[in-house]
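What follows is a single structure, written as structure tokens, with notes after it.
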Amino acid sequence: MKREEVLMEALPYIQKFHGKNIVIKLGGHAMVDQEILEDTIQDAVLLHYVGMRVVLVHGGGPEITEKMQAMGKEPRFVAGLRITDEETLEIAQMVLVGKINDGIVSLIAKFGARGVGLSGNDGNLIIAVKMALQKVRTGEEEQVVDLGYVGEIEDVNPAVLITLLDNHYIPVVAPIAIDREGGSLNINADTAAGRIAIAIGAYKLVSLTDVDGVMDSGRKKIFRRLTVSQVEALMADGSISGGMIPKIASSVEALKGGVEAAHIINGNKGHNLLLELFSNAGVGTMLSL
């Protein structure tokens, strides 16, 4: 397409989304590849300047594992679930809040906007309770596992986010929550993004991952548009599995909570965020009721 055609195709979307809240969950290689991360933050700043009210939520599992190993502590997983003891929680906070969050805020400043780093502890943003014992299957055996300082979200208090958005800041949220006793808990970033989207009345929730979208069981076809009922059928027949499950679950919860649309896109390809939101064809999967 000619450059002017690209801009004209984007115009109705820019008009439609102006003034709307959008939550973007950063994940996949965008969190470990500096060039990809810079492209993504540049996209987010552009969304901000065309009038969208952007909240960024990020994870950081691989970086936590890397830091633990560098400090001589071997990560422990059971059926893919991280065991988070007190020392692991401290390392997670150091990586998520002290390194990743601060780095994203710095990139927002680099591209000309104002970011504010937060964790769920700030302003009681995310209230959680320690996750109950989990039943997991490893091979033929089923065992009960205590994941430690891992939380399930009870409540989201969006006042601090709304205040920042009203004053033209881009909030950046790390997935650490606070419990009723003032302690910290590690939480799932996909779940946090979905609950935040509901709490701020977001128009869209966008999840960046390492695949092109939701695919069929043969991993050959990308579904460009799906309803909640279609997604639930794909989960039931096993087409949706592994790391896609929490993203889908978060998206479905957000849609049922009032979010207009949820998108799952490949965050590893330059400026996919803009192409998904501002083009007719899109590049990932859009979910709706």
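For Gly72, the conditions (1) more than 25 Å from Thr138 (Cα to Cα); (2) in a helix (DSSP H, G or I) all hold with the exception of (2). A residue that is at pLDDT below 95, of a type in the set (A, V, I, L, M) and under 12 Å from Leu208 (Cα atoms) can be found somewhere in the range 222-245. In the set Leu287, Leu255, only one residue is crowded, with 20+ Cβ neighbours inside 10 Å and more than 14 Å from Phe223 (Cβ to Cβ); that residue is Leu255. The residues of the range 1-47 that are more than 23 Å from Ala249 (Cβ to Cβ) and among the charged types (D, E, K, R), listed by number, are Lys2, Arg3, Glu4, Glu5, Glu9, Lys16, Lys20, Asp33, Glu35, Glu38, Asp39, Asp43. Residue selection: Phe77 satisfies the criterion of being farther than 25 Å from Leu165 by Cβ and among the aromatic types (Phe, Trp, Tyr). The sole residue among Leu287, Leu275 that is hydrophobic (A, V, I, L, M, F, W, C) and touching a residue at least 60 places away in the same chain (Cβ under 8 Å) is Leu287. Can you find a residue that is over 15 Å from the mean Cα position of the chain (by Cα) and surrounded by 24 or more Cβ atoms within 10 Å (Cβ to Cβ) anywhere in the range 195-213? Within the range 195-213, not a single residue is over 15 Å from the mean Cα position of the chain (by Cα) and surrounded by 24 or more Cβ atoms within 10 Å (Cβ to Cβ). I'm trying to understand the selection: among the residues of the range 14-45, which are of a type in the set (Lys, Arg) and either assigned to a helix (DSSP H, G or I) or closer than 15 Å to Ile104 by Cβ (or both)? Across the range 14-45, the qualifying residues are Lys16, Lys25.
Working only within the range 138-158, note down all residues that are over 20 Å from Thr191 (Cα atoms), out of contact with any strand residue (DSSP E or B) (no Cβ under 8 Å at 6 or more places or on another chain) and not acidic (Asp, Glu). If the condition is that a residue be over 20 Å from Thr191 (Cα atoms), out of contact with any strand residue (DSSP E or B) (no Cβ under 8 Å at 6 or more places or on another chain) and not acidic (Asp, Glu), then Gly139 is the only one that fits. Looking only at the range 120-158, residues that are in contact (Cβ under 8 Å) with a residue 60 or more places away in the chain, among the polar types (S, T, N, Q) and either buried (at least 18 other Cβ atoms within 10 Å of the Cβ) or not in a strand (DSSP E or B) (or both) come to 1 in all. Residues of the range 213-236 that are of a type in the set (S, T, N, Q) and touching a residue at least 60 places away in the same chain (Cβ under 8 Å): Thr227 alone. Taking the range 46-59 as the range and being touching a residue at least 60 places away in the same chain (Cβ under 8 Å) and either outside any helix (DSSP H, G or I) or surrounded by fewer than 21 Cβ atoms within 10 Å (Cβ to Cβ) (or both) as the test, the residues that pass are Leu46, Tyr49, Arg53, Val54, Val55, Leu56, Val57, His58, Gly59.
Please verify whether Ser239 is in contact (Cβ under 8 Å) with a residue 24 or more places away in the chain and part of a helix (DSSP H, G or I), treating the condition exactly as stated. Against the criterion (in contact (Cβ under 8 Å) with a residue 24 or more places away in the chain and part of a helix (DSSP H, G or I)), Ser239 does not qualify. Among the residues making up the range 1-36, none is in contact with a helix residue (DSSP H, G or I) (Cβ under 7 Å, 6 or more places away or on another chain), over 29 Å from Gly201 (Cβ atoms) and among the basic types (Lys, Arg).
Just the residues that are surrounded by fewer than 22 Cβ atoms within 10 Å (Cβ to Cβ), over 29 Å from Asn268 (Cβ atoms) and not β-branched (Val, Ile, Thr), please, taken from the range 159-194. Correct list: Ala159, Asp166, Asn167, His168, Asp179, Arg180, Glu181, Gly182, Gly183, Ser184.
The values are calculated or read from the model by the stated rules, or taken from the named source; none is laboratory data. What you are looking at is a predicted structure, and each value in this text was computed from that prediction instead of being measured. Note that we place each Cβ from the backbone using ideal geometry, even for glycine, and neighbour counts take in every protein chain shown.
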